[in-house]
Amino acid sequence: MSLRVAVAGAGGTVGRRLTELLLADGHDVLSLTRSPGRAALRGVRGRLVRADFDARAGLARAVEGADALFVATFDPMDPRHDEHLATAALAAGVRHVVKLSALAVTDPGAQDLVTRWQRECEQLWQTSGMTWTFLRARAFMSNCLAWAGAVRAGGPVATLHGYAPNACVDPADVAAVAARALTVPGHAGRAYALTGPAAVSAREQVAQLSGFLRRPLRHEELTEQQALERWSARYPPPLVRALVESAGRQAAGAKASVTEDVLRVTGREPTAFGTWARRHLTVFR
Ligand SMILES: NC(=O)c1ccc[n+]([C@@H]2O[C@H](COP(=O)([O-])OP(=O)(O)OC[C@H]3O[C@@H](n4cnc5c(N)ncnc54)[C@H](OP(=O)(O)O)[C@@H]3O)[C@@H](O)[C@H]2O)c1
């Protein structure tokens, strides 16, 4: 059966892939974006609908007629985004919400800003009056696209706690789980823990990239002070503190365990980092 699905964050890492999957399955996709013109130029597909999560006004019209809603919000400094979307979706008659969250919410030791925000968002959707599915993802493999400039320039790739393992997940696998949860019954009230098939450290990721690119690449360890300085140039202080705390938990081994939920929901083994890296090699060349 063809459904109408609204995708909040349609131009994002997961939303873009999700939109492609839904369209390929014949669903009608409302792709929410702040700028339909810019999104079209960036190749975002679906019916491009103007929507700004900052403002409640107009959001209900943006998701009108949708059977289900995918939510990727990204600003822990502005927790109203989920609240605005929930109010709008309920008013528009949306029945089911699939919310992209983070696996850290299940770790009682995780008390950083981003994790607390994701927990609050989950609570909000649980009491929203709609059915919900939570996709609690470990770090996206695509985060290492941030290294592309350094890799192309010959390195080194500098990270904090580069020896620490992370069971990172391919965002395409997250999108595949989202597509199932949005369009197939049986996922209401479920929270899925989404990881890759194995934990890898940044050092191992750099070594794999080096092998695929057939040239030497070096990993360089940052001190906590150096990481702080780098992140402070890009993010506000509360977010920088959250990143340092999160990295500390990774160093303590809190992000190493793998789960079966990608396989359970999609019927396919989760993508290994090496497979993801080979698919994205042109970016690093
Ligand atoms: N990265 C990770 O490792 C990781 C791991 C686990 C969970 N997560 C979670 O994943 C979520 C982020 O998902 P993502 O990476 O797919 O998103 P993303 O790539 O950050 O993209 C978000 C999209 O939202 C749109 N947007 C930004 N501000 C907006 C606003 N005010 N109103 C409406 N749209 C706006 C932007 O599109 P337009 O410019 O077209 O408006 C952007 O393309 C976060 O909740 C994060 O905590 C991330």
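General remarks:
- Exactly one residue out of Thr106, Thr127, Thr131, Thr115 is touching a helix residue (DSSP H, G or I) at 6+ places or on another chain (Cβ under 7 Å) and modelled with pLDDT of 95 or more, and it is Thr115.
- Of all residues in the stretch 56-96, those satisfying the criterion of being at pLDDT 95 or above, under 22 Å from Phe140 (Cβ atoms) and not in a helix (DSSP H, G or I) are Leu69, Phe70, Val71, Ala72, Thr73.
- Matching residues, the stretch 35-55, being closer than 16 Å to Val71 by Cβ and either touching a residue at least 40 places away in the same chain (Cβ under 8 Å) or outside any loop (DSSP other than H, G, I, E, B) (or both): Val49, Ala51, Phe53
- Residues located in the stretch 119-156, provided they are surrounded by fewer than 16 Cβ atoms within 10 Å (Cβ to Cβ), closer than 17 Å to Leu213 by Cβ and of a type outside the set (Gly, Ala, Ser): Leu145, Arg152, Pro156
For every residue, the table says whether it meets (1) within 11 Å of the ligand (Cβ to nearest atom); (2) part of a strand (DSSP E or B); (3) without any contact (Cβ under 8 Å) to a residue 12 or more places away in the chain.
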position	(1), (2), (3)
Arg136	yes, yes, no
Ser142	yes, no, no
Ala146	yes, no, yes
Val151	no, no, no
Ala176	no, no, no
Tyr192	no, yes, no
Gln226	no, no, no
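- Here Ser246 meets each of (1) surrounded by fewer than 18 Cβ atoms within 10 Å (Cβ to Cβ); (2) in contact (Cβ under 8 Å) with a residue 40 or more places away in the chain; (3) not hydrophobic (A, V, I, L, M, F, W, C) with one exception, condition (1).
- Within the stretch 273-284, residues that are more than 13 Å from Ser142 (Cβ to Cβ) reach partners that are assigned to a helix (DSSP H, G or I) with beta carbons closer than 7 Å, at six or more positions or on different chains, in the pairs Gly274/Gln208; Arg278/Phe212; Leu281/Phe212; Leu281/Leu213.
- When the stretch 17-42 is limited to residues that are crowded, with 24+ Cβ neighbours inside 10 Å and farther than 20 Å from Arg61 by Cβ, the one that is farthest from the ligand (Cβ to nearest atom) turns out to be Leu22.
- Test: residue in the stretch 215-222 that is in contact with a helix residue (DSSP H, G or I) (Cβ under 8 Å, 6 or more places away or on another chain), assigned to a loop (DSSP other than H, G, I, E, B) and surrounded by fewer than 18 Cβ atoms within 10 Å (Cβ to Cβ): yes
- Count - residues of the stretch 53-101 that are crowded, with 18+ Cβ neighbours inside 10 Å, farther than 21 Å from Glu120 by Cα and charged (D, E, K, R): 1
The values are calculated or read from the model by the stated rules, or taken from the named source; none is laboratory data. Since the model is a prediction, treat every value here as computed from it, not as a measurement. With ideal geometry, Cβ positions are generated from the backbone for all residues, glycine too; neighbour counts draw on all protein chains shown.
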